[in-house]
1. Out of everything in segment 180-189 that is in contact with a helix residue (DSSP H, G or I) (Cβ under 9 Å, 6 or more places away or on another chain) and in a helix (DSSP H, G or I), what residue ends up being nearest to residue 149 (Cα to Cα)?
2. Out of 73, 33, 69, I need the residue that is surrounded by 11 or more Cβ atoms within 10 Å (Cβ to Cβ), within 17 Å of residue 181 (Cα to Cα) and touching a helix residue (DSSP H, G or I) at 6+ places or on another chain (Cβ under 8 Å). Which one?
3. Is it the case that residue 38 is under 23 Å from residue 109 (Cβ atoms), under 23 Å from the mean Cα position of the chain (by Cα) and either exposed (fewer than 10 other Cβ atoms within 10 Å of the Cβ) or touching a residue at least 60 places away in the same chain (Cβ under 8 Å) (or both)?
4. Checking the structure you have, find out if any residue of segment 159-174 is farther than 30 Å from residue 19 by Cα, buried (at least 20 other Cβ atoms within 10 Å of the Cβ) and at pLDDT below 95.
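The values are calculated or read from the model by the stated rules, or taken from the named source; none is laboratory data. These figures come from a predicted structure and were not determined experimentally. Neighbour counts run over all protein chains shown; Cβ positions are idealised from the backbone, glycine included.
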């Protein structure tokens, strides 16, 4: 799509006071949550947790799949943003759901501190290390943020081709994380359920607001 089309889409959106207000609130909330989440990750790395006995990981010889994991994740996120930037309401919805996912992850990591899985091969996230904590994380565990992000993309899109690709990438990244022993099995299995719950909570809340404002 053209640059002019993009400008027109956003101009039309800002003509609606409701969208403008929602944009401001969403961006502020997202920035605050993201900043707090980064601080929490630093704190979480200093905590002592407990080690889970994971029969699935015992069967897998650790393999470094860092490159594959980040090609799939950041390639998907970049592609999704290119599409979503032409759909402001859906983009805002995505940020709202993702913010709730971050809140739930913080709560669960706080309540369930875990030690890194045995045999872990460090997953050096270039984006997180550059803009986030500045160091490689090993206790960012329950539940998997990488799997959560890809599954959220699967939920956001209606076209079958997008849903198929993002679901396939979700499964591939989940498997790769286990092979690299970055996460426990429970971390990757539960991630989609928490994301789906967050998706439905935000969707139902927005629908309720729309009904009340009619």
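1. Of everything passing the filter in segment 180-189, 188 is nearest to residue 149 (Cα to Cα).
2. Checking each option against the conditions leaves just 69.
3. Yes, satisfied.
4. no
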